[in-house]
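The values are calculated or read from the model by the stated rules, or taken from the named source; none is laboratory data. Quick caveat: nothing in here was measured; it's all calculated off a predicted structure. In this analysis, Cβ positions are derived from the backbone assuming ideal geometry, glycine residues included, and neighbour counts consider all displayed protein chains. The area values use the complete protein model at the heavy-atom level, side chains included, leaving out ligands, DNA and RNA. Shrake-Rupley method; radii C 1.70, N 1.55, O 1.52, S 1.80 Å.
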Amino acid sequence: AYSFEAAVVEELRADDMLSRRYENAGQTVWLCVVYHQNKRYGAHDPQLCYDSQGFVVEAEGRARVDDSTRAGLDVSTFVAERQKQRRLVWYWWTTDGLSTADANAFRNRMAVLGALENRSWGAFVRIETVAQDGDMVAARARVADFSRRVARVLPHVFATALERSQARP
């Protein structure tokens, strides 16, 4: 099961959250999207959550995701281990015209959008899988594939949702 405790939901103060588990051929990937409107900071660095839950976190740095743009999308990555279970986590932030691993760039963009348009939105995206039998190569391939799919679709989902919300009287 993959869910958030009430205290976590309260701390995030999100306008909306999506938490889903996807399975394919016995392999599981979790997706978490935390959405904020008109808030400058949005979700915090997820390594803090894993640390507080007793995981030993090993930062890996960055990975490049083919999001169908020329430059691709850099995402932050880490491995979290607890009770001999290793989890690979990739994450990034996205807002109007920007998807990035850089939380400060995301927050700056949110602040500018808020100042210029008197409204802003942003989302934190996290994708995670368990490295079964310690197979990090397979875990990376699984997370890379799922991240690619999400990174290509998510901007269109947000754009469509924003168009609908702006069309309402």
### Query
Between Arg119 and Asp16, 0.36 nm times their residue separation minus their Cα-Cα distance comes to what?
35.5 nm
### Query
Averaged per residue, what accessible surface does region 11-138 expose to a 1.4 Å probe, in Å²?
54 Å²
### Selection from Ala123, Asn108, Gly54 lying farthest towards where the dipole of region 53-169 points positive, charges on Cβ
Ala123
### Summary
For region 40-137, the accessible surface attributable to carbon and sulfur atoms (probe 1.4 angstrom, ligands and nucleic acids excluded) amounts in percent to 44 percent
